[in-house]
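Have a look at the structure below, then the notes.
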Amino acid sequence: MAPIKLYYYPVSGPARIALMAARLIGVPIQLEIVDLMKKEQYSEVYLKINPQHCVPTLDDDGFILSESRAIACYLADKYGTDDTIYPKDLKKRAIVNQRLYFECSTLLVKMRAICHPILFNIETEIKKNLRDDFNASLSILEKYLTDSEWVAGEHVTIADTTIFASISGIFATGWDLSSFPNIQRWLNSCSNLPGYEEIKEGAKIYGDLVKKNLKQ
Ligand SMILES: N[C@@H](CCC(=O)N[C@@H](CS)C(=O)NCC(=O)O)C(=O)O
């Protein structure tokens, strides 16, 4: 069987979501770097596998799948040996899915509203309303983590790796987490997860790029 390939770029949060999920599940994958800075995502070959010209994309023996969270779920369903990572139990799985949707429809949206204008040189400071909005969604995450050890219960799941990988870039700017003690505890636990060492450099580069464009 051909190795499972993950088309990847370390600075991309969604790419880190797919990689951390694979590492948590323990499925071997081969990383194929798509250098977004060199616009490699627009190459004819890459556009054939992902017309949406973005990372990540998975190639599992010819089965092509994009969308980071869909990749995480697929890998867990196909290769997971530990049912706690993406539970089959309907209600437990529904909670994991709810956290995944919360990440992509709220947390990430609020994070990007802050970071993209700065990364693309439109803003040089963080507007108060955007800071408040992101902190309001962090309060929801804080609440989940008050009720349980991990974001979807007492076991680590792909919701943890997804949320962590997704917003680790803004945390790498030195975001003030003093009002979020449970998030701080959880971040510490996440730093012991498989894949953490591999993804932390990409998150740092993202954070540094944001900081570089902020008015000092
Ligand atoms: N919803 C997608 C988003 C992926 C995404 O936005 N990837 C960005 C990097 S963070 C990308 O590859 N952008 C290059 C482009 O769109 O040309 C996912 O979660 O996989």
Checking L65 against (1) modelled with pLDDT of 95 or more; (2) hydrophobic (A, V, I, L, M, F, W, C); (3) away from the ligand (no atom under 15 Å from the Cβ), which single condition isn't satisfied?
(3)
Across (1) over 28 Å from D208 (Cβ atoms); (2) within 16 Å of the chain's Cα centre (by Cα), K88 clears everything bar (2)
Condition set over 24 Å from R93 (Cα atoms) and of a type in the set (D, E), scope region 20-79, selection farthest from the chain's Cα centre (by Cα): answer is E44
Across region 1-45, which residue is farthest from the ligand (Cβ to nearest atom) among those that are hydroxyl-bearing (S, T, Y) and surrounded by fewer than 19 Cβ atoms within 10 Å (Cβ to Cβ)?
S43
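Please state which one of I85, I71, I114, I118 is within 11 Å of the ligand (Cβ to nearest atom), of a type in the set (A, V, I, L, M) and buried (at least 19 other Cβ atoms within 10 Å of the Cβ).
Working: I85 fails: within 11 Å of the ligand (Cβ to nearest atom); I114 fails: within 11 Å of the ligand (Cβ to nearest atom); I118 fails: within 11 Å of the ligand (Cβ to nearest atom).
After applying the criteria, what remains is I71.
The values are calculated or read from the model by the stated rules, or taken from the named source; none is laboratory data. Everything numeric in this text was worked out from a predicted model, so none of it was measured. Neighbour counts run over all protein chains shown; Cβ positions are idealised from the backbone, glycine included.
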